[in-house]
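Here the structure comes first, spelled out in C-alpha cells, and everything after it is commentary.
The values are calculated or read from the model by the stated rules, or taken from the named source; none is laboratory data. Keep in mind that this is a model prediction, so the values were computed, not measured. Because the Cβ atoms are built from the backbone with ideal geometry, glycine has one as well, and the counts that use them run over all protein chains shown. Ligands, DNA and RNA are excluded from the accessible area calculation, which covers all protein heavy atoms including side chains. Shrake-Rupley method; radii C 1.70, N 1.55, O 1.52, S 1.80 Å.
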Amino acid sequence: MRRYHLVIAALAALALVVGLGALIALRGSPFGFDTEWMNELLDERAAWLTVPALLMDFLGGGWFAVFVVPIGGAVVLLLLRKRWEALYWVLGSALSAGLVQAFKALFGRARPEDILLIHVDAGSFPSGHVANAATIAVMLGLILRRAWIWAAGAAYVILMALSRTYLGAHWVSDTLGGALLGAAVAVLVWSLIPALHRPRPGATPV
C-alpha cells in the first residue's frame, strides 16, 4: 500500500508539471513572480556569486551530468554489490533527462533574455539542471536512507535552482517544474522496482 501511495504521489507531481507547462504555453509570457525575481537578480550579479553559479552549471549539465554522474554512480553501486540500486540509478537518470527534453519540445517556452556567460539549448521549461539535481537528491535519499543525505540533497536542489535563475538561464517557474519532475521520476522508478523494497536490518522499508 505504501508503494501504491508513492506511485500516486509521483504521478500527481508529474501531472502538476504538465499542468504548469500547459499554463505557461497558454500564457505566452512569464509570470509576475518570474520577472520580479529576475529583476532582483540582475541587480545582485557580482563576481563572487558568478563563480559558484558557473560551477553549479557544470555539475548539473553537459557531459558531466549526462555521462559521468549516471555511469559513475552506477559503477560505485555495482562495486558495493548494489546491482538493483545501480539499475535504479541509471533508469532514474535516463527517464528524468528524457522527460525534460520531451517537455521542453512540447511546451517550447522561450528562455530569459539576460543569460550570463553560458550556452543553453532551446526550451526553458522545465529546468534540466534542477530536474537532474532533484532526481539525484531523491535517489540518494532513497538508496542510503539517512537524514543528512536528505538535508544535503535539498540544499543542492535549492542551490541549483538559485544558480539557474541567477545566470538567467531559467525563470523561477522553470526551476519549480524541474524540481517536481526530478523528484517524481526518482520516486516513481523506485516504487516500480520490487527488489528495492526488501527489508534491511535496522531500516524501515520505504
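Given an 8 Å cut-off on Cα distances and at least 6 residues of separation, report the relative contact order of the chain as a percent. Numbers along the way, then the final one.
Details: 284 pairs, mean separation 65.2, N = 206.
Normalised by residue count, the contact order of the chain is 32 percent.
Given only helices, namely DSSP H runs of n ≥ 4 each adding -39500 (n - 2.57), what is the per-residue ellipticity at 222 nm of the chain, to the nearest 500 deg cm²/dmol? List each step's numbers first, then the result.
Working: 8 runs with 146 residues, N = 206.
After summing the helix terms and dividing by residue count, I get -24000 deg cm²/dmol.
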For the chain, modelled as a Gaussian network with Cα springs under 10 Å, which listed residue fluctuates most, G98, G123, G168?
G98
Taking the Cβ-Cβ separation of L144 and T35 as r and a Förster radius of 35 Å, what is the calculated FRET efficiency to the nearest 0.05?
0.35
Would you kindly state how much longer the chain becomes between A46 and H119 on full extension, computed as 0.36 nm times their sequence separation minus their alpha carbon distance, in nm to one decimal?
24.4 nm
What is the stretch 7-121's relative contact order, in percent, from Cα pairs under 8 angstrom and six or more apart in sequence?
31 percent
Magnitude of the Cβ-charge dipole of the stretch 90-191, K/R +1 and D/E -1, about the Cα centre, nearest 20 debye?
280 debye
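First obtain the Kirkwood hydrodynamic radius of the stretch 86-171 from its Cα pairs, then insert it into the Stokes-Einstein equation at 10 °C and 1.306 mPa s, and state the resulting D in µm² per second as a whole number. List each step's numbers first, then the result.
Numbers: Rh = 13.7 Å.
Stokes-Einstein gives a translational diffusion coefficient of 116 µm²/s.
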Cα-based Rg of the chain normalised by 2.2 N^0.38 Å, two decimals
1.04
If a helix is a whole DSSP H run, which ones in the chain reach 27 Å or further along their own axis (Cα) and hold a mean Kyte-Doolittle hydropathy of at least 0.5?
2-27, 83-107, 147-166, 172-191
Can you give the accessible area of I193 in Å² (nearest 10), computed on protein heavy atoms with a 1.4 Å probe?
20 Å²
Please state the shape class of the stretch 1-86: rounded when a/c is under 1.5, otherwise prolate if a/b exceeds b/c and oblate if not, all from the C-alpha gyration tensor.
oblate
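Given 0.36 nm per residue, what is the gain on full extension from I71 to Y4 after removing their alpha carbon distance, in nm? Could you put the intermediate results ahead of the total?
Details: separation 67, 0.36 × 67 = 24.12 nm, distance 2.91 nm.
My answer for the length gained is 21.2 nm.
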I'd like the FRET efficiency for A22 and L80, computed as 1/(1 + (r/R0)^6) with the beta carbon distance as r and R0 of 45 Å, rounded to 0.05.
0.60
Heavy-atom accessible area ranking, 1.4 Å probe, most first, across K104, K82
K82, K104
